[in-house]
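Report on one structure; see the data block that follows.
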Amino acid sequence: MAKFFSHETAVIDAGCSIGEGTKIWHFSHIMSNCVIGEKCNVGQNVVISPQVELGNNVKVQNNVSIYTGVICEDDVFLGPSMVFTNVINPRSAVIRKDEYLQTRVKKGASIGANATIVCGNDIGEYAFIGAGAVVTKEIPPYSLWVGNPAKQIGWVSEYGHRLNFDSEGKAICEESKQEYSLTDNSVEKIN
């Protein structure tokens, strides 16, 4: 007996591993040899291409495309209609299946609605990509990015709140009260 839920209209191809407590909703297609962790939520009309890996507690909103080469670590949020690419220079008449680039979305990162992640650019832990952003470079942990092309406009806590650093490079998350340190353009949680 399956330990996960899949809607009757969802299609799950052979060779997939799906963790306990995961839910897969209407008209989604999980292609061959995917690994989906525990307690994930895969919204309506989602395509997860072959060999994609999702960690535990990954939230995939409606209309998301996750292409081969993508790895999402635990607690990642993928907003509605966001998309990953997997080839830098796609052409319909040129087969480039051997040129898929890997993109890793690290623990706790959030990607907003309608954002695009150009392949080969990893997203750091707890980074926040705003709605509609187009990511064309590596994203550092705890950083906040918006626009096309995406530009960094600040830093966020693990709870997703903007951090305001004092003259000594210290900030406190308004919700969690966790403390953060900014040194050499890099943020770390310090408690």
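Only the coordinates and a few stated rules stand behind these numbers; no lab work does. Just so we're clear, the structure is a prediction, and the values are computed from it rather than from any experiment. Cβ sites come from the backbone with ideal geometry, for glycine too, and all protein chains shown count toward neighbours.
Observations on the structure shown:
- Highest-MSF residue in the chain out of Glu53, Glu99, Glu158 [GNM, Cα springs under 10 Å]: Glu99
- Relative frequency of Cα-Cα separations exceeding 26 Å in the range 26-172, percent: 23 percent
- Here the Gaussian network model covers the chain, with springs between Cα atoms less than 10 Å apart; of Asn56, Asn45, Asn89, Asn89 fluctuates the most.
- Taking other Cβ atoms within 10 Å as a rough exposure proxy, Cys119, Cys16 sort from fewest to most as Cys16, Cys119.
- Based on Cα contacts under 8 Å between residues 6+ apart, the range 89-191 shows a relative contact order of 15 percent.
- Peptides 174-184, 72-82, 133-143 ranked from most to least packed, by the mean per-residue count of other Cβ atoms within 10 Å: 72-82, 133-143, 174-184.
- Under the simplified labelling scheme, the Arg91-Ser176 pair shows an inter-label distance of 4.6 nm, with each label point 7 Å from Cα along Cα→Cβ.
- Report note on the peptides 108-116, 164-172: ranked by the mean count of other C-beta atoms within 10 Å, highest first, their order is 108-116, 164-172.
- Other residues lying with their Cβ under 13 Å from the Cβ of Val105 contribute a combined charge of -3, Lys and Arg counting +1, Asp and Glu -1.
- Distant-in-sequence amide H partners of Val156 (H built 1.01 Å from N, under 5 Å): Ser143, Leu144, Leu163
- With an a/c value of 1.5 or above and a/b larger than b/c for the gyration tensor axes a ≥ b ≥ c computed over the alpha-carbon atoms, the range 1-95 is described as prolate.
- Residues whose amide H falls under 5 Å from that of Ile18, counting only those 5 or more places apart or on a different chain, are Ile36, with hydrogens built in the peptide plane.
- Along the range 97-106 the Karplus relation, 6.51 cos²θ - 1.76 cosθ + 1.60 evaluated at θ = phi - 60°, assigns HN-Hα couplings of 4, 8, 10, 4, 9, 7, 10, 10, 9, 7 Hz to successive residues, with x for each Gly and Pro.
- Using a simple spin-label model with pseudo-atoms 7 Å out from Cα toward Cβ, Asp98 and Val11 lie 2.8 nm apart.
- Chymotrypsin sites (Phe, Trp or Tyr not before Pro) lying in DSSP loop within the range 24-67, provided at most 16 other Cβ fall within 10 Å: Phe27
- Average Cα contact separation per residue, the chain, under 8 Å, 6 or more apart, as relative contact order %: 10 percent
- Residue-wise HN-Hα coupling along the range 62-74, computed from phi with Karplus coefficients 6.51, -1.76, 1.60 (Hz; x: Gly, Pro): 4, 6, 9, 10, 10, 8, 3, x, 8, 10, 10, 7, 4
- Placed amide H near Asp122: partners under 5 Å, 5+ positions off or other chain: Arg104, Ile139
- With the simple model of a label 7 Å out from the Cα in the direction of the Cβ, Ser186 to Phe165 spans 1.2 nm.
- In sequence order, calculated HN-Hα J values of the range 23-31 (Karplus, 6.51, -1.76, 1.60; Hz; x Gly/Pro): 10, 10, 9, 3, 6, 8, 10, 9, 7
- Shape of the range 75-149, Cα gyration tensor, a/c cut at 1.5: prolate
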